[in-house]
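The values are calculated or read from the model by the stated rules, or taken from the named source; none is laboratory data. Worth saying up front: this structure is predicted, and the values here are computed from it rather than measured. Neighbour counts are summed over all protein chains in view; Cβ atoms, including those assigned to glycine, are modelled from backbone coordinates with ideal geometry. Accessible surface is based on the protein model in full, side chains and every heavy atom, while ligands, DNA and RNA are left aside. Shrake-Rupley method; radii C 1.70, N 1.55, O 1.52, S 1.80 Å.
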Amino acid sequence: MVTKSRFVTELPKQYDPKLVEADVVGLWSREQTYDLVRKHRSRSKKFYFLDGPPFPSSDTPHIGTSWNKVIKDTVIRYKRSRGFNVRDQPGYDCHGLPIELAIEQKFGVHAKKEIQSLGLERFISECKTFAETNAAAMTLAFEDLGIWMDWNKPYMTHHDYYIECDWWGIKQAWTKGLLDHGQRVVHWCPRCETVLSDYEVVLAYTVLRDPSIYVKFPLVNNPKEFVLVWTTTPWTLPSNVGVMVNPNFEYAKVSAQGETYILAKERIEPVQVETGQSFQLLETFPGSELEGLTYRSPLETLVLAQRNVQNAHRVVLSSEYVTLTEGTGCVHTAPGHGEEDYEVGEKTNLPVLMLVDDQGRFLPEAGKYAGKPIRETNSEIIDDLKSIGFLLYAGEIEHRSPVCWRCKTPLIIRATKQWIIRIAQMKDLFVKEVDSTLWIPEWAGANQFKNWLQALKDWVISRQRFWGTPLPVWTCTSCGKDRVIGSKQELTESAVTNVDIPSLHRPWVDAVKLRCDCGGVMNRVEDIIDVWFESGGASLACLGYPANATDAKFWWPADFIVEGRDQITAWFFGLLRHGIVTMGRCPYKTVLMHGFALDSAGREMHKSLGNFVTAHEVAEKFGRDAFRYYVLQSTLWEDLQFSWDAIRQYQGDLSTIWNTYVFASTYMSLDKFSPAKVPLSGLKRSLRAEDRWLLSRTHRVIKDVTKLMDEYKIHEAVRRLKEFLVEDLSHTYVRYIRRRTWVESQSRDKLAAYATLYAALKAALTMLTPIVPFLMESIYQHMLRNAEPKHPETVHLLDWPKYESKWVSDSLEEEMKIVQELLSSIAELRMTKALKQRQPVPQILVATNSSTVKNTLRTYSALLREQANSRRLKLVPKRIMPELDNPERFGRTKFAEGELFLDLKLTKSELSEGLARDVVRRMQQMRKEMDLKVDSFVYAYLVAPGKDEASLLRSQRDYIAGEVRAKQLKITSDETKVQLPYYTKQWQINGATFEFGLCETSKLGQKGRVEKAPTTEPQ
Ligand SMILES: [Zn+2]
Ligand SMILES: [Zn+2]
């Protein structure tokens, strides 16, 4: 077999993200790169990434969701590069209210019963189609962004295998005695006609303008004396059964207009202010003395239930829920409509009145108000209280109030019977599991999540809706016994009706009847399961558990999850609850929390606000890599304030990075540099100090970035890599080696620079691949793939670079900082002396006591002389400084560790070299204007303004000819006009006019006309 020659090849000069990305998309699809990479790692150590499933309620992912997916993709690519076998299945949360509401809108349905009339079969099919269509569209958008996940096989929560895992989970709770059916006070959406959980309640709020009324409850034994209560929900007064007071506060009787009111003493003043009343203080006493005081319901003549209720209308004590921050200190208590009311009512034996139906209308027992929507009844109740003389004052108040997170209807609180998993008593286990999980950032778990868990309540898992996993509970119509079904097989074995149904959804599953032990028939309970129970079970369900236990044994628990900060109370919590209920532990080991994507003013992005931007739009304008790079550099757990200007700026970084590779590829390809033939290991003795410095920086960045990526501090890794590429490579090393790369011969000095640069660029390329995969794949394919025989088909098969401590040198890096400080001091000094950088000086003298500076002058002597453009660099003792105190001869300046002197006495030799450099710079400029290749040769003319200049330049002929690649260089001071087809141009140097002419050697003799260029010096 003939070995192909292997060397670095040329990268296109311009970074055009559109071309780069189109090219790479084509390559990945042609060579099925994703499959290749997955297969390559399939036998390695496992890394189970679990995707938090988005709701496919729209076909366009929010930019925040795209950011989320980019983070995931970066972690997955990184772990693969580190050799892991990564599980990368994406998921969609297909059930739930968002989708039901979309279908309701499509059919103009306004109430739950209209769904029944539309036909449940049709409704469910529409929901399924809607979810699947949107999921497919979102998949396309994610794939387009370059997200490498297993898009052929996403887990979808509405598939039967997934529903079976939900059923298994419910059965686990049942078997462990945790599943319960009982009364709970819950948040209820009267439009969607279903219960919502605490963690859904925190998702959306609105500011409501509600009544703020002071109501007089007359005492049984004295109709002129009243307990004064305050409420913002007059509609709950028909359900009032008690008044709470705080036994530890001081209460008072006050008089006004011949009546007596009881309220907390500290509230007298604020209540007077709000109501405009003036109270006379009669007496004070502790709140505990009010216990058992009875009153008559102010609405007893209007509300049937208020007349019939037993053991009610009395004062009870609560030190926990009565405060002095608002109201009167006498709290209206309706256990049917308040969690705290319910709790206190249970302890003090108050009855529960609940007079509101599923749609938020009063039940018949509400008497005068029966059939009316509750919130709309507020003003009628206020008017009634006024006319029967029990209203002290009615005002208004604005307050934040929870709304349904999907339909935005204000929620109400009502007591209903629900299915519950009892977890409230397991708080200690929850906290212990959080402690054994790695949270990034740490405070998200230690503070936010644990705070949330302090209020851990039982899990209300039933929902009164349609599109979801049916609750697998069947109840006997004869004896009332419940039975929980854990799988489709169990259902088949127990059914007495046909179970050959299209899916496990309603309404088909509703028709399946079971036989009870008592001989009776069992019907399914109509409820479905909370979608957060479903997504909470994702770590097992997506593995096909429990039917497929083998995969779960290999993969479970998940190694890593990452979602936005709203998931503290949602998915992170749901997974933990499900894991503890079913498996007794948290189903994830590491959790990363990211922020929200907001607009530049810090507002949420919504189509309705007109500030909605998609990742696709960003990618269209600036490229996918620019989007990825932009979102990944942003501190992960802080909110991202999206800005087009910022993206433009970050795209500039990518151009700088590209240009650094272009520089290397231009010269290495020209010299056919072969890193395999000329490895770094063989050039150790030819390495200059600055080469060893770059290798030290390279290994330090490998170490830092590896650690940061392992800790999921991706934004810090991105910033660290940028610093390395832009500062260390582009601004420093590349500038220092320009002259070495320009040398014609294959000197070991040049090869050492190439080998060093190559090692640094290849390490950076591999580390940047998870972040900007299109850009890095393109650079790899164009420039590096052919450079070494062992190079694989794609950049993604390169192993993560190995950190080697032997290359790291603290002193080299510290001394380089001094080099940079010295060079910038010298540059400033030259400016004050109007001495061009290109003009060599005979010597620079440095006076210092610092041993580090002395070492620096030794280590970096050659680099310093070259970069400072000085023939000599000398350390001088401080005592001779007075001799240097001669401003005519020496420019001097201080730096942090000493003083330096620039010798200004220029000999003919330095003058000629300075002038030659001025000439070279302008001829280089002309080569660029002629669009010459880096390696093409020219003939050159140089017309100097006088004999002196011509003579100075003749002494530099070889230098000039070498630098501008001139086969012949004619230097004259005649008036001779340069002949066409030379490209000619006049230049002003040191106040005199020079004329140069260049012609590519291959063109000479051709008859084409060459335009004469403008004579002014370009800016
Ligand atoms: Zn709703
Ligand atoms: Zn039975």
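With an 8 Å Cα cut-off and a minimum separation of 6 or more residues, compute the relative contact order for the range 315-382 in percent. Show your work: numbers first, answer last.
Values: 57 pairs, mean separation 11.2, N = 68.
In percent, rounded to a whole number, it is 17.
Between Gln649 and Phe612, full extension at 0.36 nm per residue minus the direct alpha carbon distance yields a gain of 11.2 nm. Over the range 1-121, what is the relative contact order in whole percent, taking alpha-carbon pairs under 8 Å and six or more residues apart? The value is 29 percent.
Roughly speaking, what is the stretch gain from Asn498 to Glu291, that is 0.36 nm per residue apart minus the C-alpha to C-alpha distance, in nm to one decimal?
Working: separation 207, 0.36 × 207 = 74.52 nm, distance 6.03 nm.
Going from the current span to full extension adds 68.5 nm.
Between Gln746 and Leu27, the distance separating the two model label sites (each 7 Å from Cα on the Cα→Cβ line) works out to 2.7 nm.
Cα to Cα, under 16 Å, and not fewer than 8 places away if on the same chain: which aspartates and glutamates meet these conditions relative to Lys684? The qualifying aspartates and glutamates are Asp749, Glu804.
Quick one: how many lysine pairs does the range 867-933 have with C-alpha atoms less than 24 Å apart and a gap of 8 or more or different chains? Give me the count, please. Numbers along the way, then the final one.
Values: Lys874/Lys894; Lys874/Lys905; Lys874/Lys908; Lys878/Lys894; Lys878/Lys905; Lys894/Lys905.
Qualifying lysine pairs in the range 867-933: 6.
Between Leu823 and Arg685, the C-beta separation translates, for a Förster distance of 25 Å, into a calculated FRET efficiency of about 0.40. Within the full protein context, the accessible area of Trp555 is estimated at about 30 Å² for a probe radius of 1.4 Å. Within the straight-line cut-off of under 17 Å between alpha carbons, the lysines reachable from Lys607 are Lys408, sequence neighbours fewer than 8 places apart in one chain being disregarded.
Can you give me the P(r) profile for the range 1-63? Cα pairs, bins 10 angstrom wide beginning at 0, each as a whole percent. Reading upward from the zero bin: 13, 20, 38, 21, 6, 2. Within straight-line reach of Lys589, meaning a Cα separation under 22 Å, sit the following lysines at least 8 residues removed in sequence or on another chain: Lys45, Lys46, Lys69, Lys72, Lys79, Lys427, Lys432, Lys450, Lys553, Lys707, Lys713.
Ignoring ligands, DNA and RNA, what accessible area per residue does the range 789-946 give at 1.4 Å, in Å²?
It amounts to 50 Å² per residue over the range 789-946.
Working ranking of peptides 556-566, 318-328 by packing, defined as the average number of other Cβ atoms within 10 Å per residue, highest first, is 556-566, 318-328. Using the Cβ-Cβ distance between Lys408 and Lys46 with R0 = 51 Å, the FRET efficiency computed as 1/(1 + (r/R0)^6) comes to roughly 0.75.
Averaging Cα coordinates gives a centre for the range 225-264 and one for the range 441-485; these two points are 37 Å apart.
Ligands, DNA and RNA are left out, and with a 1.4 angstrom probe the accessible area of the range 228-366 is 42 Å² per residue.
Could you give me D for the chain, from Stokes-Einstein at 25 °C and 0.890 mPa s, where the hydrodynamic radius is the Kirkwood radius over C-alpha pairs? Units µm² s⁻¹, please. Rounded to a whole number, D works out at 70 µm²/s. The range 314-392 and the range 116-174 have Cα centres spaced 42 Å apart. Solvent exposure of the range 573-646 amounts to 35 Å² per residue of accessible area, where only protein heavy atoms count and the probe is 1.4 Å.
Rounded, prolate or oblate: which one fits the range 572-704, using the alpha carbon gyration tensor with axes a ≥ b ≥ c (rounded when a/c is under 1.5, else prolate when a/b beats b/c, else oblate)? Before the final figure, lay out each step's value.
On the way: a/c = 3.24, a/b = 1.58, b/c = 2.05.
Oblate, because a/c is 1.5 or more while a/b does not exceed b/c.
The distance between label points at Asp35 and Leu438 comes to 3.3 nm (points 7 Å beyond Cα on the Cα→Cβ vector). Compared with the alpha-carbon gap, the fully stretched path from Ala111 to Ala424 is longer by 109.3 nm at 0.36 nm per residue. To the nearest 10, the accessible area of Glu723 is 80 Å² with a 1.4 Å probe. Counting other C-beta atoms within 10 Å, and keeping those with at most 11, which DSSP coil trypsin sites (Lys or Arg not before Pro) do you find in the range 600-662? For trypsin sites (Lys or Arg not before Pro) across the range 600-662 that sit outside H, G, I, E and B with at most 11 neighbouring Cβ atoms in 10 Å, the list reads Arg603.
For the chain, the mean residue ellipticity at 222 nm estimated from helices alone is -11500 deg cm²/dmol, where every DSSP H run of n ≥ 4 contributes -39500 (n - 2.57) and the total is divided by all residues, rounded to the nearest 500. For the chain, averaging the sequence separation of C-alpha pairs within contact (under 8 Å, six or more residues apart) and dividing by the residue count gives a relative contact order of 12 percent.
Apolar share of the accessible surface for the chain: 49 percent from carbon plus sulfur atoms, 1.4 Å probe.
For Ser478 and Glu346, the FRET efficiency from 1/(1 + (r/R0)^6), where r spans their Cβ atoms and R0 equals 35 Å, is about 0.65. Between rounded, prolate and oblate, where does the range 838-883 land on the alpha carbon gyration tensor, with a ≥ b ≥ c its root eigenvalues, rounded for a/c under 1.5, else prolate if a/b exceeds b/c? Note, shape of the range 838-883 comes out oblate. Relative protection proxy for 403-413, 157-167, from highest mean packing down: 157-167, 403-413 (other beta-carbon atoms within 10 angstrom).
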